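This report refers to the structure that appears directly beneath it.
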Amino acid sequence: MADLNVNIGGLKLKNPVMTASGTFGYGEEFADFIDLSRLGGIIVKGTTLHHREGNPYPRMAETPSGMLNAVGLQNKGVDHFIEHIYPRIKDIDTCFLVNVSGASVEDYVATAEKILALDRIPGIELNISCPNVKEGGMAFGTSCKSAAEVVRAVRKVYSKTLIVKLSPNVTDITEIARAVEAEGADAVSLINTLLGMAIDANRRRPILSTITGGLSGACVKPVALRMVWQTFHAVKIPIVGLGGIMNATDAIEFILAGASAIEVGTANFIDPQISEKIVVGIDEYLEKNNIHSIQELIGGLII
C-alpha cells in the first residue's frame, strides 16, 4: 500500500477517510458492514450539552441527487455519551472525534470541557452552523464575529485538536475560515449542508416539518469542491473536505482541491460499506499513478 497517513493539526490519521457526523451514528451501528479499524476516523453524531428531541417528523426528504434533513441534532446529551457510548467505542482501533453543537457559547464551552477529559477522544469538530439563541437564531457560522467568538471561547478550555465545521450558507466562506484560524482552530471542515426545501405539489405543503432543511448528497459536490479550493488558498491550517463524496474519485478530487482529509456522509445511507471502499479506491489510484504518498496529492490541482 501507498502511504495514506495524514495530519490534521496535531491529529494523525492512518488514512484520509472519515465519516461525517450525523450519517454514521456512533460507528458501532456499521460494525456489521465494515471493519471500522480500516477508517481514518469516525465523527460521531452531533452532541449537545443537554438532551435534545430534535425536530418533529417528517424531517427527511429525498431530492434529485441528494437529500434534505432537518433532524435537529437529536441526541441524549454529552453526559449520556460519556457514560454509555464512550465505553463501547473507546477501544475500537480508529480515531473517534465528537461533533459538538450548542445554542450558546456557554453550551459549546461546557460540552468541550466534558469531552476533553476522555482519553480516547483526541479531538472535536465544532459545528458552528447551529442557531445562536442569543442572537435571534442566526447561525454562529454565518458571521465572522460570532464564529470567532465561539472558537475563541472553546480554544481557551480545549487543548486537543479543534476542527471547525463551516457553513456554506455565507457570501464568502474564506472570511469565516480566516476568522476561526485566527482564533486558534487547528483545521476547518467544509462544507456543512446547504439550505434548501422541498414541496409536495399535491398537498401544496412543504415536505419537511421545518419547511427548510439541509441539502446534502451528490448534488452539492461542485459547490463543496469550489469552497474547499477557495479556502485552501486562504488559510494555512488543514482542510477536511466533504459534500457529495460518493466514491474514491470524488475523494481524490477534494484532496487535489486542497483537502488533507475527507468525510463521507450521505453515501453511507446508500451503501454502508462505501467508506471502506473509498479507502481501497484511493490506495488503488495512488498505486496506478505511481504515487508513493497521499501527501503528494494534497492541493495538487494543476491550473
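The values are calculated or read from the model by the stated rules, or taken from the named source; none is laboratory data. This is a predicted model, so every value here is computed, not measured. Methodologically, a virtual Cβ is constructed for each residue, glycine included, from the backbone with ideal geometry; neighbour enumeration extends over all protein chains shown.
Take the conditions (1) over 22 Å from residue 171 (Cα atoms); (2) of a type in the set (A, V, I, L, M, F, W, C); (3) in contact with a helix residue (DSSP H, G or I) (Cβ under 8 Å, 6 or more places away or on another chain); residue 95 misses just one of them, which is (3). If you go through the range 215-234 and keep only what is buried (at least 23 other Cβ atoms within 10 Å of the Cβ) and under 19 Å from residue 269 (Cα atoms), you end up with 215, 216, 217, 220. Identify the single condition in (1) in a loop (DSSP other than H, G, I, E, B); (2) surrounded by fewer than 22 Cβ atoms within 10 Å (Cβ to Cβ) that residue 113 does not satisfy, given that it satisfies every other one. Answer for residue 113: the failing condition is (1). Quick one: how many residues across the range 23-37 are more than 24 Å from residue 193 (Cα to Cα) and β-branched (Val, Ile, Thr)? Of the residues in the range 23-37, 1 are more than 24 Å from residue 193 (Cα to Cα) and β-branched (Val, Ile, Thr). Residues in the range 72-122 that are more than 17 Å from residue 162 (Cβ to Cβ), at pLDDT below 95 and small (Gly, Ala, Ser): 3 in all.
Screening 98, 109, 78 for residues that are within 16 Å of the chain's Cα centre (by Cα), β-branched (Val, Ile, Thr) and closer than 18 Å to residue 157 by Cβ leaves exactly one candidate, 98.
Residue by residue, here is whether (1) surrounded by 17 or more Cβ atoms within 10 Å (Cβ to Cβ); (2) touching a residue at least 60 places away in the same chain (Cβ under 8 Å) holds:
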| residue | (1), (2) |
| --- | --- |
| 257 | yes, no |
| 264 | yes, yes |
| 270 | no, no |
| 275 | yes, yes |
| 279 | yes, yes |
| 286 | yes, yes |
| 294 | yes, yes |
| 297 | yes, no |
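Selection within the range 123-137: residues that are surrounded by 14 or more Cβ atoms within 10 Å (Cβ to Cβ) and in a loop (DSSP other than H, G, I, E, B). The member of this set that is modelled with the highest pLDDT is 128. Got a number for residues in the range 138-172 being in a helix (DSSP H, G or I) and crowded, with 23+ Cβ neighbours inside 10 Å? Going through the range 138-172 one residue at a time, the tally reaches 6. Could you go through the range 40-47 and let me know if any residue there is under 23 Å from residue 278 (Cβ atoms), charged (D, E, K, R), in contact with a Gly (Cβ under 9 Å, 6 or more places away or on another chain) and in contact (Cβ under 8 Å) with a residue 24 or more places away in the chain. Yes, because at least one residue in the range 40-47 is under 23 Å from residue 278 (Cβ atoms), charged (D, E, K, R), in contact with a Gly (Cβ under 9 Å, 6 or more places away or on another chain) and in contact (Cβ under 8 Å) with a residue 24 or more places away in the chain.
Sub-7 Å Cβ pairs linking a first residue in the range 209-226 that is on the phi > 0 side of the Ramachandran plot to a second residue that is surrounded by fewer than 24 Cβ atoms within 10 Å (Cβ to Cβ) and hydrophobic (A, V, I, L, M, F, W, C), at least 6 apart or interchain, are 211/197; 217/67, ordered by first then second residue. Of all residues in the range 80-108, those satisfying the criterion of being surrounded by fewer than 19 Cβ atoms within 10 Å (Cβ to Cβ) and closer than 16 Å to residue 150 by Cα are 104, 105, 106. The sole residue among 211, 199, 237, 245 that is crowded, with 23+ Cβ neighbours inside 10 Å and either of a type outside the set (S, T, N, Q) or touching an Asp or Glu at 6+ places or on another chain (Cβ under 9 Å) (or both) is 245. State whether one or more residues within the range 49-56 are in contact with a helix residue (DSSP H, G or I) (Cβ under 6 Å, 6 or more places away or on another chain), in a loop (DSSP other than H, G, I, E, B) and modelled with pLDDT of 95 or more. So far as the range 49-56 goes, yes, one or more of its residues are in contact with a helix residue (DSSP H, G or I) (Cβ under 6 Å, 6 or more places away or on another chain), in a loop (DSSP other than H, G, I, E, B) and modelled with pLDDT of 95 or more.
Filter the range 23-44 down to residues that are assigned to a loop (DSSP other than H, G, I, E, B), surrounded by fewer than 24 Cβ atoms within 10 Å (Cβ to Cβ) and not β-branched (Val, Ile, Thr) and give me whichever is farthest from the chain's Cα centre (by Cα). Out of the qualifying residues, it is 32.
The one condition from (1) free of Cβ contacts under 8 Å to residues at least 24 places away in the same chain; (2) closer than 30 Å to residue 279 by Cβ that residue 100 does not meet is (1).
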